Amino acid sequence: MRNQAIVRQIAAKYHALSELMDERMRRQWAASEAQAYGWGGLQAVRVATGMSANTIRKGLGELVAREENPDAPLSPRLRLEGGGRKRCSEADPRLVETLMRLVEPMTRGDPMSALRWTCKSTGNLAEALTRQGHPVSPRTVGRLLSADGYRLQSNRKTKEGASHPDRNAQFEHINAMVQRFQARGQPVISVDTN
């Protein structure tokens, strides 16, 4: 009973303070709570906060290092250089190539033009990539497409009515006009209206 009450107290303190603390402070606060609890403190704080045991152990190590050298300046960095999760395209070098193979058959517009779009949604592309062994989210697919020059605008009608029977021909015409104006050094503004 007493242990459960203490765990609830730790959880209440963590809930009240967690948004005010950065990553290092959160880790060291959890470590100091574990020390104050005594035997079983690491487990109690882990249960109360949801932090991993390794994170709390790292905080304990940082507290010991501060006790041993209290005059050492704190680094402004919260993580070591290169820490954190790698970008999907770094962790999976074939991801972008596979995405482009999925998109190319459905790409509209000249690859060298100002207008490039695809008929596939980021959700469908993410599902296809995941099936091929490249697990990504639709948001990541959108970021990768945007970096490659694709527009991420959805073509939705807000008023009732059918789509033009040859919507792609419309975009190809717009793309040809854009190229003609740009070849003459004239600016181009594209507006999609209802």
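The values are calculated or read from the model by the stated rules, or taken from the named source; none is laboratory data. It should be emphasised that the depicted structure is a prediction, and the values quoted were computed from it without experimental measurement. Cβ sites come from the backbone with ideal geometry, for glycine too, and all protein chains shown count toward neighbours.
Of note:
- Residue match in region 57-73 (condition: surrounded by 15 or more Cβ atoms within 10 Å (Cβ to Cβ) and at pLDDT below 85): no
- Residue ranges of helices (runs of 4 or more DSSP H) in region 104-194 with at least 3 members at pLDDT below 80 and surrounded by 10 or more Cβ atoms within 10 Å (Cβ to Cβ): 167-183
- Among the residues of region 13-43, those that are hydrophobic (A, V, I, L, M, F, W, C), surrounded by 11 or more Cβ atoms within 10 Å (Cβ to Cβ) and over 29 Å from the mean Cα position of the chain (by Cα) comprise Ala34, Ala36, Leu42.
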